[in-house]
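**Q** Below are the structure tokens for one structure; questions will follow.
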Amino acid sequence: MLWLLRGAAGIAASVVLLILLFLAVESWPALRQISAERFLADPSWNPGEGMYNLAPMLSGTLYAAGGALLLATPLGIASALFIAFYAPPHGASIYQHLVELLAGIPSVVYGFWGLTTLVPLINQLHPPGASLLAGILVLTLMILPTVALTAHAALLAVPADYLRGAAALGMSRWGMIQGIVLPSAKMGIVAGIILAAGRAIGETMAVLMVTGNVVQHAASLFNPIRTLAANIALEMPYAMGDHRAALFVSGLVLMLFVMALLGLAAWLGPNRDA
Amino acid sequence: MRGMKIKSAVHYVIFIAALFVVAGWSRPGNAASQKLVLTGASTIAPLAGELARRFESLHPGVRVDVQTGGSARGVYDSRKGTADIGMVSRSLKPEEQDLQAHTIAWDGIGIILHASNPVASLSRQQIIDLYSGKIINWNAVGGRDARVTVVNKAEGRSTLELFLTYAKLKNSDIKSHVVIGDNSQGIKTVAGNPNAIGYVSIGAAEYEAGHGVPIKLMPLDGVAATVANVRNGTFPLSRPLNLVTRTLPEGLALEFIEFARSGQVHDLVEAQYFVPVSVLLH
């Protein structure tokens, strides 16, 4: 049995390493022929004309994921606090189920809703509608349940003794949340946010459908952008040669990005009890 | 207890191994039947899929495998021999003359606007100016006072290449606001934005417009964008849908190509809103 478990764990671990290796091998032709700084310094992303600037897509990915985190974090934590401390027990369980349902909706459905409802709405505000803002809003909806559910789990993990102690000291409910609950649940909440960030960075279909996919640095929320993940999904089926290898480079960059985030989470992990 | 578990693990491994063996045994049976692989243009793939189904029902024991990936892949795979037949939704380029092209149908590309857009026609120059960002407001071409949303195709699509040739533009000249993947995404984008301009396959657009989607097809150089005008050869932005092979086709590939060009599949071609070859006048 032990060997079976070891084998299974070994397979899981080696799959990740193999994926990394595969990405490196596939992007090698591009890395060899196109110098690294060209991925940041070329005039534009036009693989058909031999220009491979990834920088606008890096910024697009960061803006979209960052914006979504800015919105989803306070909303998610607030809804977790609401479920844990304010909602009547029955209402809390209904609300909890709703949030779980939100987590289960497939991303294409969010994208479809965004394309047919959100984008025309934003278009009335400021054309063209397909924009960074639409991407941020759709991503917010998608990662909100991740933040809310992990934050709720972290709140539940706060020892009941702390809460009783706070009650015995006569602290107000908000005083208790602010002074005791949030500080002791902090690491769990942060881990949830990092998890959500990983999802926001990697999300593809929904983002592809609403952000307009124009390769440019966004000057405002209403500018269309293209994320790295959307770039791969959009062009991979039609790419060959250097173009294809350059797409694998963007996949590699994406993977390193998410690994750095996970590394950050792991680095924060040991300080959990501090 | 532990012994039991080891035993069950061993059973498990044997079971998996048995699965592999069975899978391996079933292989030769498949290899005995004939297989035809088609890869390439996403425009042709749905039609090729229908053709393949009918071809298979007429030739028991033959399997036709259709995979998409764009015209460029169709050229690449047929040249390398990975595919028996490549699907290419344009004429072959001068550097691709080593391949044999067999046209199975024609398709037109039409400019689409939102149905509520008052602009009734656009000259070729106006289209070029709209796409290269020289015109940014619809009032410059007789429309309402609103900013233009330019919808362009993603890199590598043959629809894009054909449009660029027509407009005599480079892709980096185009100032697009939305970049889309396939036809349906383009139609949805324009249907959801009263000030958008895009270009898609006429067949697909005519079908969607006929089913209540608020888009309209623009005439090009004074010729209405209809399947009928693609058929009589007057529409300027039309393209052949080709099956390509590395050498003169023979055997199963030849049979399939002849089948795809024959009158017995015209209903399938027309169901995809393409124009069958033999009906074309030029």
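The values are calculated or read from the model by the stated rules, or taken from the named source; none is laboratory data. Keep in mind that this is a model prediction, so the values were computed, not measured. Cβ placement follows ideal geometry from the backbone for every residue including glycine, while neighbour counts extend to all protein chains displayed.
**Q** Return the only residue of A:Arg199, A:Arg164 being free of Cβ contacts under 8 Å to residues at least 60 places away in the same chain, more than 30 Å from A:Ser59 (Cβ to Cβ) and assigned to a helix (DSSP H, G or I).
**A** A:Arg164
Residue by residue, here is whether (1) touching a strand residue (DSSP E or B) at 6+ places or on another chain (Cβ under 9 Å); (2) in a helix (DSSP H, G or I); (3) within 18 Å of A:Leu102 (Cα to Cα) holds:
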residue: A:Leu155; (1), (2), (3): no, yes, no
residue: A:Met171; (1), (2), (3): no, no, no
residue: A:Met187; (1), (2), (3): no, yes, no
residue: A:Ala218; (1), (2), (3): yes, no, no
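**Q** List every residue pair whose Cβ atoms lie under 6 Å apart, where the two residues are 6 or more positions apart in sequence or sit on different chains, the first residue falls within the stretch B:55-78 and is more than 14 Å from chain A (Cβ to nearest Cβ) and touching a residue at least 12 places away in the same chain (Cβ under 8 Å), and the second residue, located anywhere, is outside any loop (DSSP other than H, G, I, E, B) and among the β-branched types (Val, Ile, Thr).
**A** Here the result reads B:Phe55/B:Val64; B:Asp65/B:Val37, each pair linking the stretch B:55-78 to a residue that is outside any loop (DSSP other than H, G, I, E, B) and among the β-branched types (Val, Ile, Thr).
**Q** Considering B:Glu161, B:Glu155, which residue is in a loop (DSSP other than H, G, I, E, B) and within 11 Å of chain A (Cβ to nearest Cβ)?
**A** Matching residue, one of B:Glu161, B:Glu155: B:Glu155.
**Q** Would you list the helices (runs of 4 or more DSSP H) that sit entirely within the stretch B:180-282 and hold 3 or more residues that are free of Cβ contacts under 8 Å to residues at least 40 places away in the same chain and under 19 Å from the mean Cα position of the chain (by Cα)?
**A** B:183-191, B:266-271
**Q** What do you reckon, is B:Lys153 of a type in the set (Lys, Arg), in contact with a helix residue (DSSP H, G or I) (Cβ under 7 Å, 6 or more places away or on another chain) and not assigned by TED's automatic domain parsing to the domain that holds B:Gly40?
**A** yes
**Q** If I ask for residues that are more than 12 Å from B:Gly86 (Cα to Cα) and crowded, with 21+ Cβ neighbours inside 10 Å, which ones from the stretch B:239-267 would you list?
**A** Matches in the stretch B:239-267: B:Arg239, B:Phe256, B:Ala260.
Condition check ((1) within 26 Å of the chain's Cα centre (by Cα); (2) surrounded by fewer than 14 Cβ atoms within 10 Å (Cβ to Cβ)) across all residues:
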{"position": "A:Glu26", "(1), (2)": "yes, no"}
{"position": "A:Pro29", "(1), (2)": "no, no"}
{"position": "A:Arg38", "(1), (2)": "no, no"}
{"position": "A:Ser59", "(1), (2)": "yes, no"}
{"position": "A:Leu81", "(1), (2)": "yes, no"}
{"position": "A:Pro89", "(1), (2)": "no, yes"}
{"position": "A:Gly104", "(1), (2)": "yes, yes"}
{"position": "A:Thr117", "(1), (2)": "yes, yes"}
{"position": "A:Ala134", "(1), (2)": "yes, no"}
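**Q** Please enumerate the residues belonging to the stretch B:107-146 that are small (Gly, Ala, Ser) and farther than 13 Å from B:Tyr199 by Cβ.
**A** B:Ala115, B:Ser116, B:Ala120, B:Ser121, B:Ser123, B:Ser132, B:Gly133, B:Ala140, B:Gly142, B:Gly143, B:Ala146
**Q** On to the next question. So which residues in the stretch B:183-205 are more than 10 Å from chain A (Cβ to nearest Cβ) and either hydrophobic (A, V, I, L, M, F, W, C) or surrounded by fewer than 21 Cβ atoms within 10 Å (Cβ to Cβ) (or both), if there are any at all?
**A** Correct list: B:Ser184, B:Ile187, B:Val190, B:Ile197, B:Val200, B:Ile202, B:Ala204, B:Ala205.
**Q** Could I ask something else about it? Which residue out of A:Thr211, A:Thr227 is crowded, with 18+ Cβ neighbours inside 10 Å, modelled with pLDDT of 85 or more, hydroxyl-bearing (Ser, Thr, Tyr) and touching a Pro at 6+ places or on another chain (Cβ under 8 Å)?
**A** On inspection, the qualifying residue turns out to be A:Thr211.
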